[in-house]
1. If I go through segment 38-75 residue by residue, how many of them are within 20 Å of the chain's Cα centre (by Cα) and in a loop (DSSP other than H, G, I, E, B)?
2. Would you be able to tell me the number of residues in segment 233-278 that are at positive phi and either crowded, with 22+ Cβ neighbours inside 10 Å or modelled with pLDDT under 95 (or both)?
3. Cβ-Cβ below 8 Å, separation at least six or inter-chain, first residue in segment 106-119 and within 16 Å of Phe95 (Cβ to Cβ), second hydroxyl-bearing (Ser, Thr, Tyr): which pairs?
4. Among the residues of segment 63-73, is any among the aliphatic types (A, V, I, L, M) and more than 27 Å from Ala15 (Cα to Cα)?
5. Which residue, of Ala41, Ala56, is over 30 Å from Leu210 (Cα atoms) and modelled with pLDDT of 95 or more?
6. In segment 184-210, which residues are part of a loop (DSSP other than H, G, I, E, B) and either within 17 Å of Ala57 (Cα to Cα) or among the polar types (S, T, N, Q) (or both)?
7. If His29 passes every condition in (1) outside any strand (DSSP E or B); (2) touching a residue at least 60 places away in the same chain (Cβ under 8 Å) but one, which one does it miss?
Amino acid sequence: MSPLIEINDPALSGANTILIDARAGQNTHQRYLDGHLTNAAFVDLDKDLAAKVTDAAIGGRHPLPDIHDFAAFLGKLGITPQSHVVVYDDKAGAFGGARFWWMLRAIGHTNVQVLNGGLQAAVNAGIELSTDEYIPHPVSSYPIANGFNGTVGIEDVKTAAHDTDRIVIDVRETPRYLGQTEPIDLIAGHIPGAFNLPYINNLGTDGKYLPADTLRKAYDETLAGVPYDNVIVHCGSGVTACHTLLGMEYAGIEGPKLYVGSWGEWSRRDLPIGTTER
C-alpha cells in the first residue's frame, strides 16, 4: 500500500476507513471545528501523539507516549488491526499527519495512509467541509506486541554522525540547520556531521509530494550509497522528520530510523554544535 492517498480515492469513504484530523499549533480544536473532512475524528498532536514533556533534554519536545496509553487511545478512536486509517493535517502532512502515520507503522499497523496535500487538497477539490464534531466509536485497546520500532537514541546518533557507513539527516529549514536562526529551541545550529535535507523539498508547488522517482533521486544523491537501514532522520522535535520518512517510503526506501529526541534534545545536552555546511 502506498503511504499516500489522493483526495479522489473512493477508499476515503470505505466502510472500514477511519479518518483522522491531526493538526498542530494554536487553537487546533477550533480550527478543526471551523472545517474538516466529514467523519474525521480530531487528534491533537501535542496532547495525543506525544507524552507530556517533563524535561526536553531527555526525549525532546515531542517524546513518544507510553505504549499502553497509545494503545488505549487508538481504541478510543475505534482503530483495530483491520482498520484502514487515513490521516491528514492542515500543513501538507508535515505535522500530525505524518507523525501519526509513522507511529502506526512503528507498531506494525500497515493499513494507514496520509492524504496527499492535506486539508488544502480537499479545499482545492471543492469538497464541502463539515463543522460538526465527529465522535468515534470506541473499541478495546489496540493489541501492540512490542513498543515503537524504528527509533534510535542520542548515543547512537553521536556515533552515526561520524560513521562513513551511516548517515544522519536533518530535515529542518537550512537557516536553522546553519544556526542563523532558531525560533523554538535554546541553541541554534545542528548535530555535527549531519546532512541537511529540508522536508519542504518533498513538496511541489501544489503542496503535494513530488513524484516518487523524483524523491528517490534526491534522497539517493544525499545518501550516497549508505544502506537504508543505516539512515537516521531527525528534525526539531521528531515530528516533521516523519514527513521525510513517509516520503522515503513513498520513494521505495525502507529502513531509515527516527531520532525522536531530535535537535530539541541534542541542543539541551551540552553537546557539540555545528553551524556550517557539512
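The values are calculated or read from the model by the stated rules, or taken from the named source; none is laboratory data. If you're wondering where the values come from, they're calculated on a predicted model, not measured in any experiment. Glycine also receives a Cβ, built like all others from the backbone with ideal geometry; neighbour counts cover every protein chain displayed.
1. Qualifying residue count for the region: 15.
2. The total comes to 2.
3. From segment 106-119, the pairs are Val114/Tyr88; Leu115/Tyr88; Asn116/Tyr209; Gly118/Tyr88; Leu119/Tyr88.
4. yes
5. Being over 30 Å from Leu210 (Cα atoms) and modelled with pLDDT of 95 or more holds for just one of Ala41, Ala56, which is Ala56.
6. Result: Ile184, Asp185, Leu186, Ile187, Ala188, Gly189, Ile191, Thr205.
7. (2)
The rows are residues; the columns are (1) modelled with pLDDT under 95; (2) within 21 Å of the chain's Cα centre (by Cα); (3) basic (Lys, Arg); (4) over 15 Å from Gly261 (Cα atoms).
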site	(1), (2), (3), (4)
Gly150	no, yes, no, no
His162	yes, no, no, yes
Val168	no, yes, no, no
Gly179	no, no, no, yes
Gly189	no, no, no, yes
Pro192	no, no, no, yes
Asn201	no, yes, no, yes
